[in-house]
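Bear in mind these aren't lab numbers, they're just calculated from the coordinates by the rules spelled out. Quick caveat: nothing in here was measured; it's all calculated off a predicted structure. Heads up, the Cβs are rebuilt from the backbone with ideal geometry, glycines too, and the neighbour counts pull from every protein chain shown.
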Amino acid sequence: MATLVSMGVIFLVIFVLVPWQVAFLGCWLIHFYTCAASLAELSLLQAHSVPGAEAVPLVSLPSELSPNSESPSSERTDEEPNPPPSVARIPPIQVVNAHLHLLLLMTWLLPLVAPVLAVWVRTLATAGLTTPFDGDHNFLYVAPFLVLVEALGGSDAERYIKALL
C-alpha cells in the first residue's frame, strides 16, 4: 500500500512540478545502487561457497527406493497426494544479470533525457520557480521504469524476474 501511495505522489509531482526526465534520472540512480548491492551480494556468496560442495540427502526419497523394497506409504490405503515440488530458486547470477540488463537499457536512454534536464536546471538557476517550465510532464513516459525499478529493487525481486523470464 505504501508503494502505491509513493508512486502516486511521484506521479503527481511529475505532473505538476518537474519533467519526467528528473524521475528517470532518479530511477537510474536508484537502480545503479541496486546493481552495485546485488553485485556485492553475489561476490560474498561466491567467496563463501565451497566449490564442488553439494547437499547430500539424509533420508532416501521414495523415488530412490528399489521396486522390490516396500515403502512405508504403500501399506496405507488412504494415500495422500504428493506435495507440489518446491519452487526452484533462480541462481543469484541470473538475478544480477537481470539487474544489469535493465541498467544497460536505462544507461542507453540517459543521453536522450540529458538535454531536457540541462535546460530545466538552467531555467531554475536563472529564473527560479517564477517562470513555468513548459517541459514534458507526461508521467506515463517514465511509469514503466518506476515500476520496474521498484519491483526489482524490493526484497521479492526474484518473483518478478521469474515472471520476466
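Relative to the current alpha-carbon distance between VAL96 and ALA36, full extension at 0.36 nm per residue lengthens the span by 20.7 nm. For VAL13 and ALA151, a Förster radius of 22 Å and the Cβ-Cβ distance give a FRET efficiency of 0.60, rounded to the nearest 0.05.
Taking amide hydrogens as placed 1.01 Å from N in the peptide plane, the amide H of ASP136 sits under 5 Å from those of TRP20, each at least 5 positions away in sequence or on another chain.
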